[in-house]
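Here's the structure, in C-alpha cells; my notes come after.
What follows draws every value from the coordinates through simple rules; no lab data is involved. In this text the structure is predicted, and so the values were computed from the model without any measurement. Don't worry about glycine lacking a Cβ; one is built from the backbone with ideal geometry, like all the others, and counts go over all protein chains shown.
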C-alpha cells in the first residue's frame, strides 16, 4: 500500500478529457442519488432500499464480461472491506438517515469526503499530497461551507441523521484509499461487482425483515431502480476507475461537485431559490476542484 501508485494513481498528471469526463459524470449521478434515496424511503424500509440498490447495482455490472473477472484469494479481504465500508455500510446508513434528514443536507455532509480521504491517506501512507491538491481540497471545503450555511438554516437537520451520514462518509473515505490498488489490478467493474455481491448477502436479512413495513409504490420502485443500476453499479465502477487513475484524494474531490449539481437540479426542476452566498460557494468549489485536478509531483 505504500507504493506511489497507491498514493497518486496511475496518472499523476493533470486531469485530461477522460478524467474530467469521469468526474463530471460521477458528480451528476451522485448529485441526484440523495433524491432517489429520499423517494425510496418514503415508501420502503431502509433495509429494503439499501439491499435494492446494491443488488441492482451488482446485476447491472454482471452483464459485462470484464466485471466477472476472477479475484485472487489474497485480495478477498480487501474486497470484503470495500463491500462493508464503501457499499453496504453507507447504503444502509444513508437510507436510515434520510428517514429524518433532508436529502440536500445529506449531500452537503457527504461533500466532506475529500478532507476525510486526505486524512486517512496521510495516516496510511505517512505522506501528504502535493501542495496544489492540498490547496484545492482546502478551497473546496471553504466553498462547501459557503453553500451549506444558507441551506442548513431552517432545514430539518436531525442530529442522529447527521451522525449516520457522517459515519457513512468516513466509510467512503476509507474505501477510496483501499480500492486504488485493487482497481489497478482488476479494473473498476470487477472490483465493484464482487464487492456489491458481498454487500447484497450482508444486507439481505435486513431486506427480508423490512418487507412487511414497505409499500412498493411505482415511484419508490423506479427511484431504487435508478439508484441501484446507475447510482450504485455504474457510479461505483466509474469512481473506482477514476481512483485508480488519479489516486484516492484527487478522486474524492469529485464529491465537491455534488452540491453544485443539487443546486442546479433544485432550481431547474423544483423551483427552489438559491441564496447569494450559496452561489458564491459554487464558484469557490469549482476553483477548488480545478486546483485538485492539477498534476501531482512524483518525486
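Cα gyration tensor of segment 198-244, axes a ≥ b ≥ c as square roots of the eigenvalues: rounded (a/c below 1.5), prolate (a/b > b/c) or oblate? Taking the square roots of the gyration eigenvalues as a ≥ b ≥ c, segment 198-244 is oblate. For 42, 102, the sequence from fewest to most other C-beta atoms within 10 Å is 42, 102.
Largest GNM mean-square fluctuation among 263, 144, 79, using the chain with Cα springs under 10 Å: 263. One decimal place: the segment residue 74-residue 24 gains 14.6 nm when fully extended, by the rule 0.36 nm per residue minus the C-alpha distance. Considering only 168, 228, 16, the mean-square fluctuation computed in a Gaussian network model of the chain, springs between alpha carbons under 10 angstrom, is largest for 16.
Only helices enter the 222 nm calculation for the chain: every DSSP H run of n ≥ 4 contributes -39,500 (n - 2.57), and dividing by all residues gives -23000 deg cm²/dmol, rounded to 500. Summed over all non-identical Cα pairs, the Kirkwood treatment of segment 18-292 gives a radius of 18.5 Å. Springs join every pair of Cα atoms under 10 Å in this Gaussian network model of the chain, and among 268, 81, 14 the largest mean-square fluctuation is at 268.
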